[in-house]
Amino acid sequence: MPRRSFILTVIFLLMLALGCKQKDDGAGTGAGSQGKRKMAVVISTLNNPWFVVLGDTAKARAEELGYDATIFDSQNDTAKESDHFDNVIAGGYAAILFNPTDADGSIANVKKAKEAGIPTFCIDREINSSDAAVTQILSDNYSGCVELGQYFVKKMNQKGNYVELLGILGDNNTWNRSKGFHSVVDNYPELKRVAQQSAEFDRTKAMEVLESIMQANPEIDAVFCGNDAMAMGAYQALAAAGKADKVKVFGFDGAKDVIDSIRDGKIVATGMQFPKRMARMAAEQADEYIKGKRDFPQKVPVAVELVTQENIAKYTAYGRESEQ
Amino acid sequence: MKKACKYTLAAAVLVFLLSQSVYLKDLAEVREQRRREAFNAAQYAGDFWLNQLPGALDNAVDITELIGLFEADMAQAIERYGKAPGVSRVYAYLLKGEGTIVSVEDDALKVSVGTPHTNPDVVIETGFYIPGNAVRDASGLVDVSSFSDTMKFNEIGGEINKIIVEEVIRPFLAEKPAAGRTVRFFGATQVAQDAVEEDSLQVIRIVPVRLELE
């Protein structure tokens, strides 16, 4: 065998041996620096402050519980997410606190981790599976948007033209929010949706999408946005068009800039999700799992609360004043 | 030149054949369609209504006892009767009672369940759509963890509400309820754990499960 081929074969066999790590019986050894176990925090995107808070809180709580924690940004890309899972598995992490990019597309990643003996705890976004993750701590988006829809009807006096900006189409949160909202609003025939379009939960896209919608539909009275980043983008588009005082904007999340905007009278309302609460719960449950607990409910909806200009005093960014 | 023509023609035929054998559809639409095909929320809700809910009504708490407990000890009320599908400040209660109709509104009955039957202390929803998941959650019979996705769980709530409108509210309104008459009811309500402190407990809104005029 020529010398070069021999060396390549040896390298290949070494890599194969390193890749074929033996499974352990539960949560993996996951030892990090100074013998600390490691938790991975895999977040769908860090291009949105809400998810930054989610990731940072999960990491901080994991560290408080005595783990080394690392955040991985999937950039809303299931391929990148898959690479992160490969790295986490190879890196011997003890648990994954996971905010998925896609309800269906992310299942394979969670199953891959499970097969490698690493438990996954989903936060905020759901995967469409009941047996891959240990548990899924999810915002109750549907009920939150039922309440938001009722408030929308009231503020609109049951009539007017509105635009709906959807989030990422492959994410269950997008549809749970939209369906909760429509379960109320569609019962009022004088409330007319003139356009429904995805802006992928992104502020800049929301601004561009709404600008384009307003060219075809200049007479709108409200914009319902599937998250707060899009609500801020919509508000920007309306402000640029000189319509910010006339058109009511509704968001969903409880992000800092929208809470500030509700306080300033710019945005009408949002649904407060509790990213800090959910992230802490996920880290604590992962810790309990590592310590031997196995009995977890598969899905845990966390209630969303309506934040308006009337009750804004009770709320701060990402939560209630009382729980900060 | 002849060869080039031949290849171009072959490529064109190939592209044509491929375009005839492949079609594009929005992935989100396909997923939604598959999900719907696999799960029938109306059927699930129908079974819940006919076969599961009647048994749960045996455990419905009397409305006057519940109101008293809310005011005296909310924590006890939650522990004994409250249900929530996850982490929430709002709990759902399955309840029963009777009272005097104080007024008949467009989409609700105002009812007094105390004496002397003048001030309404509950509102029974009688509109042609019911929002939310009060009955599903108060029953404690539908476990979110048993569904692969929460949209199915939410669709069940919507289908239960449709049954309530068709089988409870419409027939009841056909009997022409009027102020002064007595109404007996089973239903569900949702109350926040800090409702007393926040002074939002003046009137309890009830989604009816059974309504009967005396």
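Neighbouring Cβ atoms within 10 Å as the yardstick, rank B:L95, B:L57 fewest first. All intermediate terms of the calculation are to be shown ahead of the outcome.
On the way: B:L95 26, B:L57 15.
Arranged by neighbour count, lowest to highest, B:L95, B:L57 become B:L57, B:L95.
I need A:K248, A:K159 ordered by Cβ neighbour count within 10 Å, fewest first.
Details: A:K248 19, A:K159 12.
Taking fewest neighbouring Cβ atoms as first place, the list is A:K159, A:K248.
Other chains' Cβ within 10 Å of B:126-132 residues: what's the mean? Intermediate values should be presented prior to the final figure.
Details: counts 0, 1, 1, 5, 2, 11, 8.
Whole-number average of other-chain Cβ neighbours for B:126-132 is 4.
Can you list which of the trypsin sites (Lys or Arg not before Pro) found in region B:43-146 are DSSP loop residues with at most 16 other C-beta atoms within 10 Å?
B:R89
Counting helices only, and only those DSSP H runs with n ≥ 4, report the 222 nm mean residue ellipticity of the protein assembly as shown as the sum of -39,500 (n - 2.57) divided by its residues, in deg cm²/dmol to the nearest 500.
For the protein assembly as shown, the value works out to -13000 deg cm²/dmol.
Let me confirm one metric for peptide A:168-179, namely the mean number of other chain beta-carbon atoms within 10 Å of its residues' beta-carbons.
Neighbouring Cβ atoms belonging to other protein chains average 3 per residue here.
On a 0 to 90° scale, report how tilted helix A:228-240 is relative to the longest principal axis of chain A, with both axes built from alpha carbons and the result rounded to the nearest 10.
40 degrees
What whole number of Å gives the distance from the Cα centroid of region A:53-108 to the Cα centroid of region A:223-248?
So the separation of the two Cα centres works out to 32 Å.
In chain A, once you exclude exposed GluC sites (Glu not before Pro) (DSSP loop, at most 12 other Cβ within 10 angstrom), what's the longest stretch remaining?
Details: sites that count: A:E190, A:E219, A:E310.
The segment A:1-189 is the longest one with no such site.
By a straight-distance test (C-alpha under 27 Å), which lysines pair with A:K154 as possible cross-link partners, with residues fewer than eight away in the same chain excluded?
Result set, ordered by chain and number: A:K179, A:K192, A:K243, A:K246, A:K248, A:K256, A:K266, A:K314, B:K110, B:K162.
Which value in nm describes the separation of the simple spin-label points at A:A240 and B:D194, placed 7 Å from the Cα toward the beta carbon?
3.9 nm
Just add up the charged neighbours of A:K36: K/R +1, D/E -1, any other residue whose Cβ is under 15 Å from the Cβ of A:K36. Could you put the intermediate results ahead of the total?
Values: positive: A:R37, A:K38, A:K59, A:R61, A:K291; negative: A:E63, A:E64, A:D68, A:D287.
Its environment carries a net charge of +1.
State the Cα centre-to-centre distance between region B:176-200 and region A:286-324 in whole Å.
28 Å
Calculate the tail of P(r) for region A:129-269: the fraction of all Cα-Cα distances greater than 27 Å, expressed in %.
In whole percent, the share of Cα-Cα pairs in region A:129-269 beyond 27 Å is 15.
Pairing the Cα long axis of helix B:2-21 with the longest principal axis of chain B, what angle in degrees results, from 0 to 90 and rounded to the nearest 10?
20 degrees
Quick check: residue separation of A:S212 and A:N87 times 0.36 nm, minus the Cα distance between them. What number comes out in nm?
In short, 40.9 nm is gained.
As an exercise, use a Förster radius of 45 Å and the Cβ-Cβ distance of A:K192 and A:E288 to find the FRET efficiency, rounded to the nearest 0.05.
My answer for the efficiency is 0.35.
Specify the angular offset, from 0 to 90 degrees and rounded to the nearest 10, of the alpha carbon long axis of helix B:27-38 from the longest principal axis of the alpha carbons in chain B.
60 degrees
What is the Å³ per residue value for the convex hull set by the Cα atoms of region A:281-324?
Looking at region A:281-324, the number lands at 87 Å³ per residue.
At a Förster radius of 25 Å, what calculated FRET efficiency corresponds to the Cβ-Cβ distance of A:E115 and B:F39, to the nearest 0.05?
Here the calculated transfer efficiency is 0.40.
Using C-alpha positions alone, give me the convex hull volume of region B:41-136 per residue in cubic angstrom.
128 Å³
Under 18 Å from the Cα of A:K299, which lysines turn up, not counting those fewer than eight places away in the same chain?
Filter leaves A:K111, A:K114, A:K276, B:K83, B:K152.
As a test of understanding, state the convex hull volume per residue of region B:55-95 from its alpha carbons, in Å³.
64 Å³
Which translational diffusion coefficient, to the nearest whole µm²/s, is obtained for region A:200-293 from the Stokes-Einstein equation, given a Kirkwood hydrodynamic radius over C-alpha pairs, 25 °C and 0.890 mPa s?
Answer, rounded: 170 µm²/s.
With 10 angstrom as the radius, rank A:C225, B:C5, A:C122 by how many other C-beta atoms surround their C-beta, starting from the fewest.
Working: A:C225 31, B:C5 9, A:C122 27.
In order of increasing Cβ crowding within 10 Å: B:C5, A:C122, A:C225.
Tell me, what are the semi-axes, in whole angstrom and largest first, of the equivalent ellipsoid of the protein assembly as shown as set by the roots of 5 times the Cα gyration tensor eigenvalues?
Over the Cα atoms of the protein assembly as shown, the semi-axes work out to 46, 30, 24 Å.
Every number in this text was worked out from the coordinates using simple rules, so none of it is lab data. Here the structure is a predicted model, which is why all the values come from computation and not from measurement. All Cβ positions, even for glycine, are placed from backbone atoms using ideal geometry, and neighbour counts span all protein chains on display.
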